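The values are calculated or read from the model by the stated rules, or taken from the named source; none is laboratory data. Only a predicted model underlies this, so the values are computations on that prediction, with no experimental measurement involved. When we count neighbours, we look across all protein chains shown, and the Cβ atoms used for this are built from the backbone with ideal geometry, even at glycine.
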Amino acid sequence: MTNGFLDKAYGARDAASTRQLYDDWAASYEPEIAENGYATPGRCAAALRTFSKDPQHPVLDFGCGTGLSGLALKLNGFTCIDGVDLSAEMLEQARAKQIYRNLDQIAPDAPLSHAPGDYAAIAAIGVIGAGAAPISVFDTMMGGLTSGGLLVFSFNDHALEDPANEGRLSEYLDCGAARLLCKEYGDHLPGINLKCNVYIVEKL
């Protein structure tokens, strides 16, 4: 199976190069990952719906890309979705779907602009890992939640190879700052035999 940008997606790079990759990939992103059976948005959205108290409460789609994650959230009953992403070109694709209340471009390592509690949940679907966002964004997202807020995220096989990623999650769980509600291993991109863990964490 031919991969246009997908075979470049998991290499180490700085934030500027990552933004450029996703800007360049925006127009062909959805056909390429659809060809490879991208399953993670649906898995994450379904898991979040299971643990969400009210799907009408606002959700932040962090690293929303072209909006596939937002679409999965909408299909699972979430009605108020905002999105942020590094890539302006990806955001244009997301905007065309007309499923987001607000869409904003963010800078690498920038703090979230909302106050904790503005969102009942934050989704980071396929966001953290090699060639994408660093594990430090986990702290950013947890800081954007108040007690009882939910974080849904995924680590693919490449992310799971780096012990720092699950190690950061364990730090929050071990000190009582968060509770793990769900951890499920399954398909990510079956076309390239890549799997991932889907997690739901509640901030305490």
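Inspect all residues belonging to the range 80-88 and state whether any of them is surrounded by 13 or more Cβ atoms within 10 Å (Cβ to Cβ), farther than 21 Å from F138 by Cα, of a type in the set (S, T, Y) and modelled with pLDDT of 90 or more.
no
Go through the range 177-195 and give me each residue that's touching a helix residue (DSSP H, G or I) at 6+ places or on another chain (Cβ under 6 Å) and within 18 Å of I122 (Cβ to Cβ).
A178, L180, L181, C182
So, in the range 190-204, how many residues would count as being part of a strand (DSSP E or B) and within 23 Å of N36 (Cβ to Cβ)?
Matching residues across the range 190-204 total 6.
Here is a check on your reading of the model: is R179 in contact (Cβ under 8 Å) with a residue 12 or more places away in the chain, exposed (fewer than 14 other Cβ atoms within 10 Å of the Cβ) and of a type outside the set (F, W, Y)?
yes
Does P58 satisfy the criteria of being surrounded by fewer than 24 Cβ atoms within 10 Å (Cβ to Cβ), within 25 Å of L194 (Cβ to Cβ), in contact with a strand residue (DSSP E or B) (Cβ under 9 Å, 6 or more places away or on another chain) and of a type outside the set (A, V, I, L, M)?
It is false that P58 is surrounded by fewer than 24 Cβ atoms within 10 Å (Cβ to Cβ), within 25 Å of L194 (Cβ to Cβ), in contact with a strand residue (DSSP E or B) (Cβ under 9 Å, 6 or more places away or on another chain) and of a type outside the set (A, V, I, L, M).
From the list D174, D157, which one is on the phi < 0 side of the Ramachandran plot, out of contact with any helix residue (DSSP H, G or I) (no Cβ under 9 Å at 6 or more places or on another chain), surrounded by 13 or more Cβ atoms within 10 Å (Cβ to Cβ) and without any contact (Cβ under 8 Å) to a residue 40 or more places away in the chain?
Exactly one residue qualifies, and that residue is D157.
D109: acidic (D, E) and either surrounded by 17 or more Cβ atoms within 10 Å (Cβ to Cβ) or in a loop (DSSP other than H, G, I, E, B) (or both), yes or no?
Taking the combined requirement at face value, the residue satisfies it.
Is it the case, given these coordinates, that S69 is under 29 Å from D162 (Cα atoms) and among the hydroxyl-bearing types (S, T, Y)?
Yes; evaluated as a whole, the condition is true for this residue.
Can you find a residue that is over 16 Å from T40 (Cα atoms), under 16 Å from the mean Cα position of the chain (by Cα), of a type in the set (G, A, S) and surrounded by fewer than 17 Cβ atoms within 10 Å (Cβ to Cβ) anywhere in the range 160-167?
No, every residue in the range 160-167 fails to be over 16 Å from T40 (Cα atoms), under 16 Å from the mean Cα position of the chain (by Cα), of a type in the set (G, A, S) and surrounded by fewer than 17 Cβ atoms within 10 Å (Cβ to Cβ).
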